[in-house]
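Written below as structure tokens is the structure these notes are about.
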Amino acid sequence: MHASTRPPAPTHFDTAARDWDQRPMSQQMAAIAPRLLAAVPLAATDHVLDFGAGTGLLAAQIAPLVAQVTALDTSAAMLQVLTEKGHANITALQGDIFALPPGTLAPQDAIVSAMALHHVADTAALLRAFAALLRPGGRVALVDLYAEDGSFHGDNAAKGVHHLGFAPAALQALAEQAGLCDVALTEILQVQQRNGRHYPLFLMTGRKP
Ligand SMILES: C[S@@+](CC[C@H](N)C(=O)[O-])C[C@H]1O[C@@H](n2cnc3c(N)ncnc32)[C@H](O)[C@@H]1O
């Protein structure tokens, strides 16, 4: 068979999708949404992009408060679990943020994300993509790991981990270089991994001028 005709190999997320919400880690991550929303209040008219939305742990808590959530993810299996939840104002969009045809999304009022940044190799390009998708005045609210020693996932390569968390000053600089302003990082939550260790998560907020 020619390589291009082979279906893509399932990713870690395709394989993990069905049980994703039952993982103890996912249950701890449920605390992210209320804390994120307290820091970045959203309006009932807002159109929000959830980058790397997965099964919609974050999107499902945001959707009742806004007009529309677009749940973008490369994993069809993760999005299938989200779609089965039947939220009327969440649109599942399968694709890579770097390969969206121009005009796929109208300018967004906000972009949120939980635990997806460390799965993208080129953070600078990702932040530029976020800036390009926001309307002027639109905000980002991005949650991920502070720099860690690789023990959070353990099998980093198998899980598609490109960054062992992030150093705040370096990430803030990339966000500012991407054209965002009022960029700030703060600890939002600590989660306990199966290895018994606690890992702090940051919330990075910022705004497109
Ligand atoms: C750790 S999961 C987090 C899912 C969800 N936000 C949560 O908190 O449960 C990361 C997600 O990012 C998605 N992802 C990784 N790279 C992506 C890309 N370039 N474009 C869109 N989604 C991506 C993966 O498929 C995966 O579902």
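We did not get these values from a lab; they are worked out from the coordinates using the rules stated. All values reported here derive from a predicted model rather than from experimental measurement. Glycine gets a Cβ as well: all are built from the backbone with ideal geometry, and neighbour counts include every protein chain shown.
Take the stretch 3-207, compute every pairwise Cα distance, and split them into 10 Å bins from 0; I just need the percent in each bin.
8, 37, 40, 14, 1
Most exposed first by the Cβ proxy, i.e. fewest other Cβ within 10 Å, how do 148, 187 rank?
187, 148
Measuring from centroid to centroid over Cα atoms, what is the spacing of the stretch 178-209 and the stretch 1-70 in Å?
Rounded to whole Å, the Cα centres lie 16 Å apart.
Please arrange 14, 149 by how many other C-beta atoms lie within 10 Å of their C-beta, fewest to most. Intermediate values should be presented prior to the final figure.
Working: 14 16, 149 9.
The fewest-first ordering by Cβ neighbours comes to 149, 14.
How many Å³ per residue does the convex hull of the Cα positions in the stretch 102-176 occupy?
95
In percent, how large is the relative contact order of the chain, given Cα pairs closer than 8 Å and 6 or more residues apart? Let's see the in-between values first.
Values: 394 pairs, mean separation 38.9, N = 209.
Once divided by the residue count of the chain, the mean separation gives 19 percent.
Please identify, among 134, 145, 174, the residue showing maximal mean-square fluctuation in a Gaussian network model of the chain using a 10 angstrom Cα cutoff.
Among 134, 145, 174, the largest GNM mean-square fluctuation belongs to 174.
In whole Å, what are the Cα extents of the stretch 1-75 along the three principal axes, biggest one first?
51, 29, 16
Extension gain residue 155-residue 22, at 0.36 nm per residue separation less the Cα-Cα distance, in nm?
Contour length minus Cα-Cα distance gives 45.9 nm.
Given the DSSP H assignment, sum -39500 (n - 2.57) over each helix run of at least 4 residues in the chain and divide by its residue total; what's the result at 222 nm in deg cm²/dmol, nearest 500?
Value at 222 nm, helices only, nearest 500: -6500 deg cm²/dmol.
Quick one: among 103, 52, 160, which has the greatest mean-square fluctuation in a GNM of the chain with alpha-carbon springs under 10 angstrom?
Looking only at 103, 52, 160, the biggest GNM fluctuation is shown by 103.
If I build a Gaussian network model for the chain, linking alpha-carbon pairs within less than 10 angstrom, which residue out of 168, 24, 101 has the largest mean-square fluctuation?
Taking springs between Cα atoms under 10 Å, the residue moving most is 101.
Quote to one decimal, in nm, the extra length available between residue 99 and residue 44 on full extension: 0.36 nm per residue of separation minus the C-alpha distance between them.
Full extension from residue 99 to residue 44 adds 16.9 nm.
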